[in-house]
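Written below as structure tokens is the structure these notes are about.
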Amino acid sequence: MSPTSFETLLPGTERALLYRVATAQAEGRTPSFVGAVARGGRMVWSGARSCVDGHAPDADTQYRIGSITKTFTAVLVMRLRDEGLLDLGDPLEKYLPDTGVGEVTIAQLLSHTGGLVAEAPAPWWERTPGSLRPELSDVLGERPLLHPSGRRHHYSNPGYTLLGSLVEAVRGVSWEDALRSGVLEPLGLGRTTGRPVAPHAGGWAVHPWADVMLPEPLEDLGLMAPAGQLWSTAEDLCRFACFLVKGDERVLSAQSLREMRTPAVPPEAGDWDGGYGLGMQLARRNGRTLVGHSGSLPGFVAGLWLSEEDDVAAVTLANSTSGPQVGQVAADLVRIVADAEPRLPEPWRPLPEADRELLALTGPWYWGTHAYGLRVRADRGIELSPLGGQGRGSRFRAEGDGTWTGLEGYYAGETLRVVRRQDGSASHLDLGSFVFTREPYEQGGAVPGGVDEAGWRGL
């Protein structure tokens, strides 16, 4: 194996992963527990523990994944946006009239900021047949809006039911058919289905005060399916996690997935380590930024977390209603691999050719008296960074018209352009109206307000 190969994990790392899965199964008192890790675009490890000796599940055993289904639904909606069939700022009313919540936008539904109720009206929708709620009005109830739209994050299962119905209305096929043809088949997720396909685990409730179990009902959720219906395997979810970072042009671009991973609203007070994007949960764990989703339905809990920076994803699946902290275990699996076998940086390589016009822009620039350095990136974009350790910096993407667009922080989405003199030389940089010159308060430069003619002076 070459020094940069990621085909397998080290034996010590695999032992630590299995130990974490084993303790999760034992301490969480769950009939079975599966964990898996992906790195470099593929699953590199899986392990499982079971209460039945010799019958541990594997990475091809289906479990119900609950609300991880929402991320699949969000991908379908983003596909519609990228195809020009809708806009995220559109009100729901444009596609689904007469719901009573038509002013809520598609983006607000994706990010759980529409102000909708968290659950459907009684009886408990997760343990009763979806046939009890044949219409959207049965899912939304008499008072579907609890908060002003766009003001706060309030998790809503009915909100994702509406998104599933939106997909059906725009595509002209069922949510499940749209999912199969648009996501599952292109990504090769053949073991991700709407109903269980053997081999699959059964769902159990474990008594909180005694080591005894009770089978949970496995209901078809009907209209609520886009919020939590799916069954999947550790291997399929590892493949899906890799897609959520790299993208696949047959399904959704990496740029659109980056948009999904971007926080849509501020976190709730007291929850500064968590957030939500467009169909993806965001969290800070063990000093790392993780994105993914958790899931639960009676009899099952599931977790999927990925660290883009470490190129590591982890999946955890268990068949009990409560007990194992699958989200924390998935975060621990990411940490174990990332700490024990940190990602190797890509080898430095020079650019294939030198862009002399771009090279002429590199080096120091000054916003007033604040010193910045401009450097060319390997992707032919540029980076403008404060040299004193304080200030606003950003990476910029090159555009076809000779400008650059900010990718992060204060300058995200802002335009940087080079203002040139009549002889073609660079006069200054204009970044959202901020002027950067080659010298601090350059005499004769384009500094707003002008520069004192006497120039710099001592006391």
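Scanning region 203-230 for residues that are within 19 Å of His55 (Cβ to Cβ) and surrounded by 15 or more Cβ atoms within 10 Å (Cβ to Cβ) yields Gly203, Trp204, Val206, Met213. Leu189 meets the stated requirement of being assigned to a loop (DSSP other than H, G, I, E, B) and crowded, with 21+ Cβ neighbours inside 10 Å.
Considered as a group, the residues in region 1-28 that are under 26 Å from the mean Cα position of the chain (by Cα) and part of a loop (DSSP other than H, G, I, E, B) include one that is modelled with the highest pLDDT, and that residue is Leu9.
Of all the residues in region 409-458, those that are in contact with a Lys or Arg (Cβ under 7 Å, 6 or more places away or on another chain), surrounded by 12 or more Cβ atoms within 10 Å (Cβ to Cβ), of a type outside the set (Ser, Thr, Tyr) and farther than 24 Å from Arg356 by Cβ number 0.
As a summary of the residue check, Ala74 satisfies the conditions (1) out of contact with any helix residue (DSSP H, G or I) (no Cβ under 9 Å at 6 or more places or on another chain); (2) farther than 19 Å from Ser307 by Cα except for the one numbered (1). Only one of the numbered conditions (1) in the same structural domain as His154 (by TED's automatic domain parsing); (2) touching a residue at least 40 places away in the same chain (Cβ under 8 Å); (3) more than 23 Å from Ala254 (Cα to Cα) is not met by Gly287, and that is (2).
Of Ala122, Ala107, all but one fail to be assigned by TED's automatic domain parsing to the domain that holds Gly295, more than 28 Å from Thr321 (Cα to Cα) and out of contact with any Cys (no Cβ under 7 Å at 6 or more places or on another chain); the exception is Ala107. Tally time: how many residues in region 280-328 are β-branched (Val, Ile, Thr) and either surrounded by fewer than 24 Cβ atoms within 10 Å (Cβ to Cβ) or more than 30 Å from Val212 (Cβ to Cβ) (or both)? Total meeting the criteria: 4. Would you confirm, using the coordinates I've provided, whether His112 is in a loop (DSSP other than H, G, I, E, B), in the same structural domain as Val312 (by TED's automatic domain parsing), crowded, with 21+ Cβ neighbours inside 10 Å and of a type outside the set (Lys, Arg)? Yes: the conditions hold for His112.
The values are calculated or read from the model by the stated rules, or taken from the named source; none is laboratory data. In this text, all values refer to a predicted model and were calculated from it rather than measured experimentally. Methodologically, a virtual Cβ is constructed for each residue, glycine included, from the backbone with ideal geometry; neighbour enumeration extends over all protein chains shown.
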